[in-house]
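Colleague: Sending over a structure as C-alpha cells; questions will come in a sec.
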Amino acid sequence: MTLLDRVRRAAEEVAAHSDHVRVDHARLLELAASLQRLPMELPRLDPGTHHLGQGEETVAFLLTLDAVNFGSGYFPELRPFMERTGYFAVAAALRHRYLREGPLGADELAALRPEDCACIFGQSPDGAAGELMANFATSLNELGRLLLERFGGSFAALLNAAEGSAERLVELLAGLSSFRDVSSYKGFEVPLLKRAQISAADLSLALGEGSFGDLERLTVFADCTVPHVLRLDGVLQYSGALAERIDAEEPIDAGSGEEVEIRAVALHACELLLAELRRRGRRVLAMQLDYFLWNRGQEPRYASRPSHLTRTIYY
C-alpha cells in the first residue's frame, strides 16, 4: 500500500469509528448533483504574493513557503503584511524578501532564528506571533538541513529526486518532522500530510502541465476550511458538544480525537464526493475540489461563521 493509499484508508477508518463527526450521505449526494455541472478550475497561484516564473527560484520559493504554510490557529494574532492577512500575508512577506534580497539559500534556512523569521514575516517576536515564528524557524531549519545533507543545498535536486511523481515528492517531504502530519487515533496512525501534498500541488501549478504525472494520487488538503464548508453545506454533521465549542471559538487541541475526526472525516467525505462525481461522468482532481471548496469558504455565508481553531504546525 502506498503512502497516499494509507492516507485514504486511515481517513476511512476514522470515519467508521468517529464519535463526533459523521458524513450525511444524502446531503453528500445533493452536493455532488449541484457540483456536477459547475466549473471547477485548477487552483491558481497569486502573482502578487508568489514568486513565479523564475525557474529554480520559484521552486525554492514554493518549497520554502510550504515549509511555513501553517498557523491558521495563530492568524487572528498576526499583523497584516502589505494589507494581506493570514496565509497571503506570509506569502507576500516571503516574496518581498526575495525581491529585496534574493532567495533564502539552504545554508541560510538552516541557520534562521525565531527573531529572523519575525523580521522576514513582519511579525512580533513575542506572544502568540512569536511562538509561531519559533515554529517557522524550526521548520525552515529542518528544510535547510535536508537540502544540505541530501541534495547539495539544491532545491532543484530535491524536486528532481521525485522523478516527476507528486506522490514521491510527498514521501520525500514527509520524512521531515514538520511535514509529518500524522496523528494517533484509537490505536492506529492517521497520516493526512496536508502540507506535503499542497507542496506538490503548488509546484505543479508553477511549473506547468506535465511536471507531475500522477496528480490524481493527491487527496484534498485537510485543514480548517474544507471541513467548515462541508459542515455548513450539511455534508458533515458534528456532535452538539463539538459544534458548540467551534461556534464559541473555543480552541480544539491539535491531535485530539475531535481534531483528527474533523480533518480525516472531511477528507473521506471528499473522496466519496469525487467518486460520486466520477460515477456521474465528471472527472475532477482532488486539488480542484479542494480549491473550489476553499474559495466557497471565503464567501460571506461561510466566512461569517467560525471554523475550528487549532494551533498546529500542520495547517
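Colleague: Of the residues that make up the range 240-251, is at least one part of a helix (DSSP H, G or I), closer than 30 Å to Gln54 by Cβ and of a type in the set (Asp, Glu)?
Modeller: Taking every residue of the range 240-251 in turn, none turns out to be part of a helix (DSSP H, G or I), closer than 30 Å to Gln54 by Cβ and of a type in the set (Asp, Glu).
Colleague: Shifting gears a bit: Picking from Phe179, Phe81, Phe88, which residue would you name as being closer than 30 Å to Val260 by Cβ and buried (at least 19 other Cβ atoms within 10 Å of the Cβ)?
Modeller: Phe179
Colleague: All but one of (1) within 25 Å of Ala137 (Cα to Cα); (2) open to solvent by 40 Å² or more (accessible area, probe 1.4 Å); (3) under 19 Å from the mean Cα position of the chain (by Cα) hold for Asp5; state the number of the condition that does not hold.
Modeller: (1) is the only condition that Asp5 fails.
Colleague: If you don't mind, there's one more thing I want to ask. Checking Thr58 against (1) under 18 Å from the mean Cα position of the chain (by Cα); (2) open to solvent by less than 50 Å² (accessible area, probe 1.4 Å); (3) among the polar types (S, T, N, Q), only one condition comes out false. Which one?
Modeller: Every condition holds for Thr58 apart from (1).
Colleague: Go through the range 222-239 and report how many residues are open to solvent by 10 Å² or more (accessible area, probe 1.4 Å) and either in contact (Cβ under 8 Å) with a residue 60 or more places away in the chain or assigned to a strand (DSSP E or B) (or both).
Modeller: 9
Colleague: Still on this structure: Output the residues belonging to the range 133-166 that are over 28 Å from Gly86 (Cβ atoms) and open to solvent by less than 40 Å² (accessible area, probe 1.4 Å).
Modeller: Once the filter is applied, which keeps residues that are over 28 Å from Gly86 (Cβ atoms) and open to solvent by less than 40 Å² (accessible area, probe 1.4 Å), the range 133-166 yields Phe151, Gly153, Ser154, Ala156, Ala157, Ala161, Ala162, Gly164, Ser165.
Colleague: Right, here's the next one. Only one of (1) open to solvent by 10 Å² or more (accessible area, probe 1.4 Å); (2) closer than 23 Å to Ala222 by Cα; (3) assigned to a helix (DSSP H, G or I) fails for Thr64. Which number is that?
Modeller: Evaluating Thr64 over (1) open to solvent by 10 Å² or more (accessible area, probe 1.4 Å); (2) closer than 23 Å to Ala222 by Cα; (3) assigned to a helix (DSSP H, G or I) leaves (1) as the failure.
Colleague: Looking at Arg217, Arg168, Arg195, Arg150, which is the one that is free of Cβ contacts under 8 Å to residues at least 12 places away in the same chain, under 26 Å from Gly255 (Cα atoms) and of a type in the set (D, E, K, R)?
Modeller: Arg168
Colleague: Next question, about the same structure. Determine whether Glu41 is at pLDDT below 95, over 15 Å from Gln123 (Cα atoms) and acidic (Asp, Glu).
Modeller: Spelling it out, Glu41 is indeed at pLDDT below 95, over 15 Å from Gln123 (Cα atoms) and acidic (Asp, Glu).
Colleague: Among the residues of the range 38-52, write down those that are touching a residue at least 40 places away in the same chain (Cβ under 8 Å) and open to solvent by 50 Å² or more (accessible area, probe 1.4 Å).
Modeller: Leu38, Glu41, Leu42, Arg44, Leu52
Colleague: Just give me the residues in the range 171-189 being free of Cβ contacts under 8 Å to residues at least 24 places away in the same chain and at positive phi, in sequence order.
Modeller: Listed by number, the list holds a single entry, Gly187.
Colleague: So, Leu205, is that one out of contact with any strand residue (DSSP E or B) (no Cβ under 8 Å at 6 or more places or on another chain), at pLDDT 95 or above, open to solvent by 20 Å² or more (accessible area, probe 1.4 Å) and within 30 Å of Leu159 (Cβ to Cβ) or not?
Modeller: In short, yes.
Colleague: Give just the number: which of (1) open to solvent by 20 Å² or more (accessible area, probe 1.4 Å); (2) within 16 Å of the chain's Cα centre (by Cα); (3) more than 30 Å from Ala161 (Cβ to Cβ) does Glu249 not satisfy?
Modeller: (2)
Colleague: Hey, another quick one. Sort out which residues of the range 178-215 are under 15 Å from the mean Cα position of the chain (by Cα) and part of a loop (DSSP other than H, G, I, E, B), and write them in order of number.
Modeller: Ser178, Phe179, Arg180, Asp181, Leu192, Leu193
Colleague: Moving on to the next point. Report every pair of residues separated by at least 6 positions or lying on different chains whose Cβ atoms are under 7 Å apart, first residue within the range 297-314 and without any contact (Cβ under 8 Å) to a residue 24 or more places away in the chain, second part of a loop (DSSP other than H, G, I, E, B) and surrounded by 13 or more Cβ atoms within 10 Å (Cβ to Cβ).
Modeller: If the second residue must be part of a loop (DSSP other than H, G, I, E, B) and surrounded by 13 or more Cβ atoms within 10 Å (Cβ to Cβ), the pairs left are Ala303/Gly297.
The values are calculated or read from the model by the stated rules, or taken from the named source; none is laboratory data. Since we're looking at a predicted model, the values are computed, not measured. A quick note on method: Cβ atoms are made from the backbone with ideal geometry, for glycine too, and the neighbour counts reach across all protein chains shown. Keep in mind that these areas ignore ligands, DNA and RNA; they rest on the heavy atoms of the full protein, side chains included. Shrake-Rupley method; radii C 1.70, N 1.55, O 1.52, S 1.80 Å.
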